[in-house]
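One structure coming up, written as structure tokens, with questions to follow.
Just so it is clear, none of the values below were taken in a lab; they were calculated from the coordinates. These figures come from a predicted structure and were not determined experimentally. Here the Cβ positions follow ideal geometry from the backbone for every residue, glycine too, while neighbour counts run over all protein chains shown.
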Amino acid sequence: MAGLVVQSASVVQSIAAQVIVGWDIRLHRSRPVPFNTEVILAVTPRVVTKLEADEPTLKLAVLIDADNAQATIIEGLLAEIATFGEATVKRIYGDFTSPASGQWKKVLQTHAIKPIQQFANTTGKNATDSTLIIDAMDLLYTRRFDGFCLVSSDSDFTGLALRIREEGLIVLGFGEQKTPEAFRNACHKFIFTEVLRPVSPQKSSASTTHPPAAQTPQPISATSGEPESAQKPSSPAVPRKFILNALGSTQGDDEGWVHLGAFGSYLTKIKPDFDPRLYGFKKLSDLLKAMGDDLEIKERKTKGSSAKSLYVRRRTAASKAAGPPRQPPTKSQ
């Protein structure tokens, strides 16, 4: 084994570089380049340890359409993007001399967003859209990014999202519920900005005093402990049929148990705009627990570790006869 030890520092750097370059950190792609593990470990174990410890961070380009986005969502928007990766480029496009886009002036410097001024040469918003699309293509061909965040409710960016996907990059869309379905489905994941808006304490207290009209499903509020109608006035009903059909299409074990993480990924693939927060639940597990009449959830220990994972399956005839599981006395979780 002594012959495997490499003493030259340049050789060590070369081997480490090959390992790093071989890792494709794009979504659902982990393809390590074949290499001699014994040589790497003999050279410097610290290099391998550091590579395993450092989680790869996706480099994202955030492009905001100021004509079709509100400045009130900016803090929630950036916090949501941070859960996916690092916003290495943040640009916003619009005519900031107009009152409609003037709301963004107060937050641009605070959040280090680069404004791209586009004067309205004619009636309409095509000039802003064209500038954003051109910049997106320029950034795409630099090959420096792992994905794009397109913030708009405009269907004109559907073609851009599809083109970026063809290059194998991640496309995250952010827009209001009025966003056309074509643009939502063109993204890997689409998040409604209604769930990113800050909640006003005055509105929460006011809604507690005066209950809202019965236009939203009230079981939603039982999970969060807050009047959800104050946060999302038009919360839709939980899509039970969609969730049950998706669970039936997800591969599980012999007893029908499906890993919660795998099920969540499948839901996003077939419906990119699916988000438990839209229905008043903080997490997918909370939403599924609320469907106790149709689903059952249990924890399992992960093999080789003390960590536990959640699994879900449709209720069997025996479990339906026994009834839904009794809820714990404390619901602070």
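Starting from the amide H of K189, placed 1.01 Å from N in the peptide plane, find each other amide H under 5 Å away whose residue is 5 or more places distant or on another chain.
Amide H to amide H, under 5 Å and 5 or more residues apart or across chains, K189 pairs with V171, G173.
Each label point is 7 Å from the Cα along the Cα-to-Cβ direction; what then is the distance between the points at N185 and H111, in nm?
3.0
Using label points projected 7 Å from each Cα along Cα→Cβ, tell me how many nm separate Q103 and Q177, to one decimal.
If labels sit at Q103 and Q177, their model points lie 1.7 nm apart.
Which of the chymotrypsin sites (Phe, Trp or Tyr not before Pro) found in the range 61-139 are loop residues per DSSP with 14 or fewer other Cβ atoms within 10 Å of their Cβ?
Loop-located and lightly packed - F119.
When the chain is fully extended, how far beyond the present Cα-Cα distance does R165 get from I297, taking 0.36 nm per residue of separation?
Extending this stretch completely gives an extra 44.1 nm.
Let me ask something else about it. Just subtract the alpha-carbon distance of S130 and D253 from 0.36 nm times their residue separation and send over the number in nm, one decimal.
Stretched fully, the S130-D253 segment lengthens by 39.4 nm.
Quick check: from the Cα gyration tensor, does the range 66-162 come out rounded (a/c under 1.5), prolate or oblate?
oblate
Further question: Kindly state, to the nearest 0.05, the FRET efficiency for Y141 paired with L244, given R0 = 51 Å and r defined as their beta-carbon distance.
For Y141 and L244, the calculated efficiency is 0.75.
May I ask for the distance between the Cα centers of the range 145-176 and the range 239-318, given as a whole number of Å?
Spelled out, the Cα-based centre of one part sits 27 Å from the other.
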